Structure formats: structure tokens, C-alpha cells
Amino acid sequence: MNQSFYVSPQQLMKDRADFARQGISRGKPVVLASCAAGIVLVTENSSTSLRKLSEIYDRIGLGAVGRYNEFEALRQNGVRYADTRGYAYDRADVTARGLVSHYAGILGELFLTGAKPLEVEIAVAEVGASLDDDRLYRVSFDGTVTESTPVIVIGGGAEQLQQRLSSEWDSQRPLDDAITAIQSAWTDATGEMAWETAVLDRDRAAVGGRSFRRRTRHGRH
Amino acid sequence: MTSLPHTGAAPGLEASFLAHLQQHQPQLVPAPVTGLAETPVPHATTIVALLYQGGVIMAGDRRATMGTTIASSRMEKVFPADTHSVVGVSGAAGIALDMARLFAVELEHYEKIEGTELSLLGKANRLAALVRAQLPALSQGLVALPLFAGVDAITGAARIISFDITGGRYQEHHHHTIGSGSPYARGSLKKLWSPGLAEDDALRVAVHALIDAADDDAATSGPDSRRRIWPVVYTVTADGNERVDEARVASVAEQIMDQRGDDRS
């Protein structure tokens, strides 16, 4: 006979959150950070075709950790959101804040009513005219949004890495030094690691073009 | 049950922005404009394109006409479609500009979703779909026609592709021109074009063809040295597309007019 037991809402939410957290903590962290030349995006990734860092729109980039099929679907959804909005209004009207709200809506809804919560965490960055205009957001599996500058970290071990980087972050560093600084702060940094790095170029954004550039892969740091 | 939002586009067309709009935002898809054939609206006129050593060059004059009125003296009709292609438009201006804008988003969208550029013929086929969508407007409405040129990012081959309103797409050899001034520009291109032109020479031929078109077609403007209005010119090579500096276009245009003795008559 089929029996259903009472589960308190608190317990239900906690179980769902624990489930999502477990999936996310297995992923390598992704770091987004502001520097004078723009916003750098750095993560460890041994694949050259399955990306964790991607272009959304002219000034907006995305970093994601967790289950690949889920964050890939969210990435494509974000590109559709941005392109539709930019086509219907104007390219200048596509903002990271709008995209983040869109993502928060999807994630929050799925956390409450989906068959299972999404096991993903995403970071959205928008490069501005100056360092003060940069925007960095984290969207969690339950739709919670946090803003943090000049550094944001998501994924496994994100908290320690965030603390280590934020306490000594120098935004005036040149681009290559900024990337090296992030790589050096990696929890389990070893000599041989495959990095995926990209940048939202401030100068390119200033002239109104697509600012996202992938950087050639560094085999080591 | 809520699930992850899905595109809903046909399998294989998930990376098409047009397919996405048709599925989810049909009101944003440009509809054929009918019943306006007698209403004067701005029209864009002459575009020329020609192949040269290492790439392709496209130039457009700056005039838009509305009946016998000049609607604009500074209209731009040649646009970068993506990094390796350009599109020039003629016909009903509003429709033409919308087509060029949607086409550019279509290419960028594919590139972002797929992580790679479409092939050159793939791009041309997407543009053909936009052209064909105007077919219902053909008999009693307004239509626009594009001219497409680019370099295949992988093979490096430069191509010029023209379209007809039924969505036919034709690969042109050497050079091509569209718009009201095209009969005159075509004659000019035939005489001036030769294989293996250097970029400088290609620029001269393109601007010369536009000047010849402007001589005989009232809807095409020639270079305006008094108000400093010059044709819009783009080159596309394997390194990407680039707008030719206005000062350079001006100097070539003035040289051609000098040689013809235009200011001495």
C-alpha cells in the first residue's frame, strides 16, 4: 500500500538545497574579477570545446558551474533573452541586471516547483565605462542573487577563494597579472593545469561592440 | 511541472534567432508590407560590389528618395553583417534596414549559441529566407533586396551573392550591382574591373561605378565635396571586414572627378 508521510516545508527546502549544493560543490570554481582593462573570467577546464565561460551580449559575460546540460540550457536561454531584447529595443538596453533577474526567475521557480532543483550556480558580469561601473552578480540554485565587486567566485570552494582574492585584490593590475593572481590563489594549484580564460574588454565595450574575447589557453600558470 | 525553458524551434534550427522569434515572439518578425504600393516611402538605391586580390569590396551611395523628393542625403546602406561579411540594401528603406539588422542578429546569435561562425553559403541561405518572407508583398506592396558579400572564415574564398524576391540566391562572378542606378554602374564595372585588382584599385573602381550611376540615375547621389558626403565603403578580407576611412574615399572620389574634368566643365 502506498503511504505518504508528512514532510515539513522547512525540511523539504533544506533537502532540496542540500541536494543542489552537493552537485555544485563538485564543480571547479569560476572567478570573475574587475581590472583596469576590463573583467577577467578564469576557470580550470580540461576541455577545449565544452566551455564554462561564455559571451551573452556586447558587455555581458557568463560563468557557470554545475551540471553541464543545465547550465548550457541556461546559457542559451540567456543569449535568446539578450538578443530578443536588443532586437526589440536597442543594444544599449540589454543589461546584466535584467539578465540576472531573468535567471533568478527561472532558477527560483524550478527550485520550488521543479522535479528537482537545478544543480547550477552562475555568475554574470557587465563591463562598464570605468571600474566603478562594472557589475558582478552571482545567481544561486534557488534564485538568490548577490552582487559583489571587484571579485565574484562560484562553484566548489568558492568561499575561501572569494575571501583570499577579495582581501588583496588590486584592480589597477595589468590584465595578465590579474589572471596570474587568480590562478595563484587557486586552492589546489599545481604546475600543470588547463585554464579557460576570457575577458570583457573595456575599450571594445566603450566603442559599442562585442567585448567578449577568449584568450589563448595557458597550459600552466 | 515546470521544466527548463526550451527554444521550441525545430531540431537543427535551435541556433536561429529568426526561428526563435517565429516560435515565441511572432509579433517581432518583420511582416510583408502590402497595400502601400501607391504611398511614397523612402527608397534606397545603388550598391556595387566587386572582388579583388584577397577580398571583396562593397560601396553604396548616400541617397534615399521618396517619389521625386530626396528623403535623405546621408543614408547608410552598407552594413557589417558579422566579422567576415557585409550586406548592402536597396528598395523600401524601412524594410531594407530592418532586414539588415535582423540578419546581423541572426548571424551573431548563431555564433554565440554554436560557438562557431556559419559558413558563407549558410549565411546567404539565412538571408535568402528573409528575402523570401516578403513575397506576399510583391504584387501590391513594398520590398527590399540585399546584396551580400563576404569571405568564408574557413576556406578564405571571397564571394558576392545576389538575391531575387522569390528567395533565389546567385553567386556572382567578379562584380555585381543592385538598385535603380545599377544599369549604369554595371556598365562602368564591366569596363573598369579586371582580375587581381589591388585594394586601392578596387576602391577606385567601386567609387567610379557609383559616380557613373549618379550621372544618369536621379535616385543615386554622387560624392558631395561641398557638404563632405561620401559613399560608404567596406572591404572584407580573411582578417575581417573594415570600413574604408572616409578621408580615403574622399580623396579617391575627388581624384576621379578631377580626371573627368567635372569641376572645369
**Complete:** Note on A:Ala158: of the conditions (1) surrounded by 24 or more Cβ atoms within 10 Å (Cβ to Cβ); (2) within 23 Å of A:Cys35 (Cβ to Cβ); (3) touching a residue at least 60 places away in the same chain (Cβ under 8 Å), unmet is (1)
**Prompt:** Which one of B:Gly141, B:Gly115 is in contact with a Ser or Thr (Cβ under 6 Å, 6 or more places away or on another chain) and either more than 23 Å from B:Gly60 (Cβ to Cβ) or basic (Lys, Arg) (or both)?
**Reply:** B:Gly141
**Message:** It is to be established whether one or more residues within the range A:26-46 are free of Cβ contacts under 8 Å to residues at least 24 places away in the same chain, open to solvent by 60 Å² or more (accessible area, probe 1.4 Å) and either touching an Asp or Glu at 6+ places or on another chain (Cβ under 7 Å) or within 30 Å of A:Thr216 (Cα to Cα) (or both).
**Reply:** no
**Prompt:** Among the residues of the range A:118-140, is any open to solvent by 50 Å² or more (accessible area, probe 1.4 Å), part of a loop (DSSP other than H, G, I, E, B) and under 25 Å from A:Gly27 (Cα atoms)?
**Reply:** no
**Asked** Can you pull out the residues in the range A:55-81 that are under 25 Å from A:Ala129 (Cα atoms) and open to solvent by less than 10 Å² (accessible area, probe 1.4 Å)?
**Response** A:Ile56, A:Tyr57, A:Ile60, A:Gly61, A:Leu62, A:Gly63, A:Ala64, A:Gly78, A:Val79
**Message:** Criterion first (more than 14 Å from every other protein chain (Cβ to nearest Cβ), over 14 Å from the mean Cα position of the chain (by Cα) and either assigned to a strand (DSSP E or B) or over 24 Å from B:Asp164 (Cα atoms) (or both)) does B:Leu118 satisfy it?
**Reply:** no
**Message:** Can you confirm whether A:Ser171 is farther than 24 Å from A:Leu110 by Cβ and in a loop (DSSP other than H, G, I, E, B)?
**Reply:** yes
**Request:** Go through the range B:175-248 and tell me which strands (runs of 3 or more DSSP E), entirely inside it, have 3 or more residues that are open to solvent by less than 20 Å² (accessible area, probe 1.4 Å) and out of contact with any Leu (no Cβ under 7 Å at 6 or more places or on another chain).
**Result:** B:232-237
**Message:** Go through (1) among the β-branched types (Val, Ile, Thr); (2) open to solvent by less than 10 Å² (accessible area, probe 1.4 Å); (3) more than 14 Å from chain B (Cβ to nearest Cβ) for A:Thr95 and report which single condition fails.
**Reply:** (2)
**Selected residue (criterion: least open to solvent (accessible area, probe 1.4 Å)) from residues of the range B:150-174 that are hydroxyl-bearing (Ser, Thr, Tyr) and either modelled with pLDDT of 95 or more or in contact with a Gly (Cβ under 6 Å, 6 or more places away or on another chain) (or both)** = B:Ser162
**Asked** If you scan the range A:141-168, which residues turn out to be among the acidic types (Asp, Glu) and either under 25 Å from A:Arg16 (Cα atoms) or part of a strand (DSSP E or B) (or both)?
**Response** A:Asp142, A:Glu147, A:Glu159
**Request:** Determine whether A:Asn2 is within 14 Å of chain B (Cβ to nearest Cβ), more than 13 Å from the chain's Cα centre (by Cα) and modelled with pLDDT under 95.
**Result:** no
**Prompt:** Given the residues A:Gln172, A:Gln183, A:Gln163, which is the only one that is farther than 24 Å from A:Ser101 by Cβ, open to solvent by 10 Å² or more (accessible area, probe 1.4 Å) and either within 14 Å of another protein chain (Cβ to nearest Cβ) or touching a residue at least 60 places away in the same chain (Cβ under 8 Å) (or both)?
**Reply:** A:Gln172
**Message:** Please count how many residues of the range A:14-70 are within 14 Å of chain B (Cβ to nearest Cβ) and in a strand (DSSP E or B).
**Reply:** 10
**Prompt:** When the range A:98-117 is examined, which residues are found to be part of a helix (DSSP H, G or I), more than 8 Å from chain B (Cβ to nearest Cβ) and over 25 Å from B:Gln27 (Cβ atoms)?
**Reply:** A:Val100, A:Ala104, A:Leu107, A:Gly108, A:Phe111, A:Leu112
**Message:** I'd like to know if the range B:113-123 contains one or more residues that are in contact (Cβ under 8 Å) with a residue 40 or more places away in the chain and polar (S, T, N, Q).
**Reply:** no
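The values are calculated or read from the model by the stated rules, or taken from the named source; none is laboratory data. All figures in this text were calculated on a predicted structure; none of them were measured in a lab. Counting neighbours? That spans all protein chains shown, and the Cβs are built from the backbone with ideal geometry, glycine included. To get the accessible areas, we keep the full protein, side chains included, count just its heavy atoms, and leave off ligands, DNA and RNA. Shrake-Rupley method; radii C 1.70, N 1.55, O 1.52, S 1.80 Å.
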